[in-house]
2 protein chains.
Amino acid sequence: MPGAVLDFWFDFASTYSYPAAMRIGTLAEQAHVRVRFRPFLLGPIFKLQGWTTSPFNLYPAKGRHMWRDLERLCAELGLPFQRPATFPQNSLLAARVALAGLDHGWGEAFCCAVFRAQFGNGRTIDDPATIAAVLSGLALDAAPALAAAQSDAIKARLREQTEEAQRLGLFGAPSFTTADKELFWGNDRLEPALRWAKGVS
Amino acid sequence: MPGAVLDFWFDFASTYSYPAAMRIGTLAEQAHVRVRFRPFLLGPIFKLQGWTTSPFNLYPAKGRHMWRDLERLCAELGLPFQRPATFPQNSLLAARVALAGLDHGWGEAFCCAVFRAQFGNGRTIDDPATIAAVLSGLALDAAPALAAAQSDAIKARLREQTEEAQRLGLFGAPSFTTADKELFWGNDRLEPALRWAKGVS
C-alpha cells in the first residue's frame, strides 16, 4: 500500500512558507501522510503574471498586513519572528542546497533551518556564509553540500521542479498538491490539503 | 462595560465574504463579541492599486484556485455553492439596501441572504428584482427598503464607510478591525480576529 502523499511546494523567499514548513512535519505525522518537500522558484512564475517583485512589495497595504499578520501568526504558534532587512531575498542557492540535501536525508531539517534563520532571526539567506552556517548548525559539512548544489544535475532539477509547479497551476507559495492533482494555496490550507491527501490514498 | 466589538468589513461582490458572513454570527456569539456589519465598496480601493477588476480575473491561475477552493470550503462548511455566471457583480444596490436594513434590525439577515442568493444559488444580485425577492423572502416590504436605499443619507453613508475602510488600511474583503485598529484580512482570519477583539475589550 503506497499510502497518502502530499507535495509541499515552497520558495525560500516566501514568508508564509515559514510557518508551513515549521508545522507540516508534526501535522503530516498525525495525519499519517507522507510529505515530499518540493522547493521551487516563484520568480519565473511571478514574471508570467507581470510581477517583477513580490505582490507584497507591489501593493504596500497588502504588504503591511502580511508582515503584521505573520508576526501575530508566529506569536500564536510560538515561532521566533524577525523581519529581515530585505524582502524578497534571492532563494536560488538555498533551493539548490535543499535539493542536494533531500537526496541525502538532511533536506527537510535544512529547509526548516533556512526558514528559521531568515524569518526567525532576520538573516540574509542569499549569502553563502549564512547557508554554510546553517549546514554547520546541523552538523553537516558545508563545502561538499555547497559544491553538490552547483552541479548541473541539481541546477536542472530545480528548473524542472519550477516548470512542474507551473504546469500544476501554482501561482504562489506555499502550495500543496495531491496525487490526484488537487491544488491548495497558502499556509492556511495545510490542514485541508492533508485531509484531501488522506482521502485519495 | 462596553464589551468586545469586531467590525466585519465586506463587499457583496467578494467571494470569501460569503463563508465569513455565514460563519460570523455563531462564532461571535460563542466568543461573546459584538459584531458590526460594515458593507463597503472594494472597487474604489482596487482602483487605487491599479486594478480595474478583481485580481481573481486579472490573474487567471489565482482565480481558478479561488473558485475551486471556495467550492471545497463550502462543502466542508455545509454551505450551498453555485458559481454565478458573472464575477464580480456590481454590489452598489445591495450595499445600500444593507445599510438601510442595518438601521432597522434586518440588515444582517439581509446580508446573509444576499450572499446565499449570489454564491449559494448563482443569482444576479445587481438586478433589483433579485434584491426585491431576497427582501420578500425575509418577509420584508421590498418597495420602501429599495426607496430608502436610494436616499441621499444612505448614499453618503456608503461613501463614508468606503473612505473609512481605506483609512483603516483595507485592501480586500472580508476584513475585520478591532477597537485598537488591528486589521485582519480574509475569511481564514475570522477566528484570530475574534480572539483579538476579546483581548482588547
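Remark: spin-label model distance residue B:5-residue B:92 equals 3.0 nm, labels positioned 7 Å along the Cα→Cβ axis. Overall dimensions of region B:2-56, expressed as equivalent-ellipsoid semi-axes from the Cα gyration tensor (√(5λ), whole Å, largest first), are 27, 12, 7.
Once you divide the Cα radius of gyration of region B:54-133 by 2.2 N^0.38 Å, the number left is 1.18.
Note on A:56-67: average number of Cβ atoms from other chains within 10 Å of each residue's Cβ is 4. Taking N as the residue count of the protein assembly as shown, its C-alpha radius of gyration divided by 2.2 N^0.38 Å amounts to 1.07. With a 10 Å cut-off around each Cβ of B:157-167, the average count of Cβ atoms from other chains is 0. For region A:1-144, relative contact order (Cα pairs under 8 Å, six or more residues apart, normalised by length) works out to 24 percent.
How shielded is A:40-49 by partner chains, expressed as the average number of their Cβ atoms within 10 Å of its Cβ atoms?
1
Rounded is the label for chain B, because the ratio a/c of its alpha-carbon gyration tensor axes (a ≥ b ≥ c) stays below 1.5.
Compared with the direct C-alpha span, the chain from residue B:141 to residue B:179 gains 10.2 nm at full extension, assuming 0.36 nm per residue. Residues whose amide H falls under 5 Å from that of residue A:4, counting only those 5 or more places apart or on a different chain, are A:34, with hydrogens built in the peptide plane.
Summed over all non-identical Cα pairs, the Kirkwood treatment of region A:93-186 gives a radius of 14.2 Å.
Given that compact globular proteins tend to follow 2.2 N^0.38 Å, what is the ratio of the alpha-carbon Rg of region B:1-115 to that value?
Numbers: Rg = 15.2 Å, N = 115, 2.2 N^0.38 = 13.4 Å.
Normalised by 2.2 N^0.38 Å, the Cα Rg of region B:1-115 equals 1.14.
Every number here is computed from the coordinates shown, using simple stated rules; none is lab data. Since the model is a prediction, treat every value here as computed from it, not as a measurement. Because the Cβ atoms are built from the backbone with ideal geometry, glycine has one as well, and the counts that use them run over all protein chains shown.
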